[in-house]
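The values are calculated or read from the model by the stated rules, or taken from the named source; none is laboratory data. This is a predicted model, so every value here is computed, not measured. Counting neighbours? That spans all protein chains shown, and the Cβs are built from the backbone with ideal geometry, glycine included. Just the protein is used for accessible areas: all its heavy atoms, side chains included, with ligands, DNA and RNA removed. Shrake-Rupley method; radii C 1.70, N 1.55, O 1.52, S 1.80 Å.
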Amino acid sequence: MNVDRYVPERTQNAGSRLDSARNVRPRIRPGAWIAAYVLQVASPFFWRPRKALFFASRSVAKPAEMRIPTRHGPVRCLVYRPPAGAPTPGGAERLPPVHIQIHGGGFYGRYPAQDEHIATYIASDVGAVVVSVDYDVTPQVQFPVAEEECYDVAVWVHENGAAQGWDGERVSIGGASAGGKLAINVCQLAHAGGVFRPCALVTKYAVADAVRADRTTAKRDAKIAPWLQRLVLNTYFVDAARRADPIASPLRDENLPRALPATLVMTGEYDTLAAEMNHIAEVLRVAGVPVVHRQFAKTDHGFTHDLPVATAREAIGLIGEHLRTAFAR
């Protein structure tokens with residue numbers, strides 16, 4: 001399996017053209033198309049972060065909006081800057097590092113502000129600039145559009161650091177659920193492209209295997225139900241022949257340990273996606289990749305975005321610890 005075909009010769013030269021993945025779309029059944037679209041429209045109303053989950057110790061200004069070029073056209077990003085008094089990782093003489101935050105949402109939800117409580121915490125208490133990516137989603141696009149957009153954004157962030165006031169050599173990647181997979185993909189594509197290497201990866205209750213639609217859990221009413229798994233396969237990964245691709249399914253990438261930097265993997269005991277990410281954590285450990293793996297007992301999908309507060313606080317605190325260690329190098 002080869003990931004090189006997803007890496008353009010130079011990302012910045014690809015911004016004016018549309019990839020064939022966007023021009024030639026597999027056929028989606030009307031019912032699945034409508035269901036994904038309805039969930040997409042509804043996502044901002046259900047995924048607003050709870051006030052109780054904002055743990056930043058300093059006030060962070062509202063994010064600036066930035067359009068970053070990709071091979072699929074400009075992608076809107078939200079940019080959170082460290083406030084006055086925030087830590088200065090690596091010393092005050094250095095530009096702040098940057099963390100690329102990739103939101104979740106089953107590849108259909110388009111609401112990057114759902115991660116604002118995490119972005120403001122990283123900006124305030126870690127001292128990093130946070131770039132939150134508003135990538136394209138299904139049913140309007142299919143695999144591998146989101147993966148390529150997120151990678152292209154990461155390359156641009158790396159290459160334009162000095163002009164933007166951040167350290168392009170210290171770039172970390174993180175995300176939850178679908179965003180966790182996309183964060184892994186950025187590392188895979190960065191490894192294949194040889195342009196840069198992220199200094200750290202954070203992946204929370206991510207999906208890692210687009211082939212599977214039969215995940216189980218001991219919890220009867222698990223959040224990632226079978227119908228939702230099927231909907232994602234029937235809309236974003238609708239081309240069944242490509243689901244085993246190493247970018248669609250990082251779990252199946254035999255070269256994955258070589259591509260990943262120091263990694264934080266967080267899973268929930270009752271999450272239907274836990275098994276595949278627990279597997280990846282073990283693969284990394286055996287391969288000698290620096291990995292911190294934390295499974296939260298009696299938790300389901302989305303524990304960094306939901307009650308109880310103590311669990312979310314602990315998980316987000318682990319993110320901060322992981323990034324501080326990476327940025328101090």
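What does DSSP give for the chain in terms of the percent of beta bridges that are antiparallel, rounded to the nearest 5? Here the share of antiparallel DSSP bridges comes out near 25 percent. Compared with the direct C-alpha span, the chain from Gln140 to Asp221 gains 26.3 nm at full extension, assuming 0.36 nm per residue. Largest GNM mean-square fluctuation among Gln188, Gln164, Gln40, using the chain with Cα springs under 10 Å: Gln164. Here the simple spin-label model places points 7 Å from the Cα toward Cβ, and for Glu169 and Arg81 these points are separated by 2.3 nm. Using a probe radius of 1.4 angstrom, the carbon and sulfur fraction of the accessible surface of the chain is 53%. Rolling a 1.4 Å probe over the protein heavy atoms gives the range 201-329 an accessible area of 43 Å² per residue. For the residues Trp47, Trp227, a 1.4 Å probe over the protein chains yields an accessible-area ranking, largest first, of Trp227, Trp47. Summing Cβ point charges (Lys, Arg +1; Asp, Glu -1) relative to the Cα centre of the range 141-213 gives a dipole of roughly 320 debye. Compute the Cα gyration tensor for the range 250-324, then decide on rounded, prolate or oblate, letting a ≥ b ≥ c be the square roots of its eigenvalues: rounded whenever a/c is under 1.5, prolate when a/b is larger than b/c in the other cases, and oblate in all that remain. Since a/c reaches 1.5 but b/c is at least a/b, the shape of the range 250-324 is classed as oblate.
Normalised per residue, the accessible area of the range 85-187 is 19 Å², obtained with a 1.4 Å probe and no contribution from ligands, DNA or RNA. The magnitude of the dipole of the range 257-329, with charges of +1 and -1 set on the Cβ of Lys/Arg and Asp/Glu and taken from the Cα centre, is near 400 debye. What residue among Thr203, Thr235, Gly193 has its Cα farthest toward the positive end of the dipole of the range 190-238, where the charges are +1 on Lys, Arg and -1 on Asp, Glu, each on the Cβ? So the residue we want is Thr203.
Listed values for the range 251-260 are Karplus-derived 3J(HN,Hα) couplings in whole Hz (6.51 cos²θ - 1.76 cosθ + 1.60, θ = phi - 60°), namely 4, 9, 8, 5, 9, 4, x, 6, 8, 9, and x replaces Gly and Pro.
Among Glu93, Glu254, Glu269, the residue with the largest mean-square fluctuation in a Gaussian network model of the chain, with springs joining Cα atoms closer than 10 Å, is Glu93.
Mean projected area of the convex hull spanned by the Cα atoms of the range 62-116, taken over all viewing directions: 5.3 nm².
Normalised size of the chain, defined as Cα radius of gyration per 2.2 N^0.38 Å with N residues, equals 0.91. Selection among Ile102, Ala183, Tyr6 by position relative to the dipole of the chain gives Ile102 as farthest towards the positive end (Cβ unit charges, Cα centre). Note on Ala310 and Ala64: the extension gain reaches 85.6 nm, defined as 0.36 nm multiplied by sequence separation minus the Cα-Cα distance. Protein-only accessible surface at a 1.4 angstrom probe places the residues Leu228, Leu182 in the order Leu228, Leu182, largest first. Counting only lysines at least 8 places from Lys51 when in the same chain, those with an alpha carbon closer than 19 Å to its own are Lys62.
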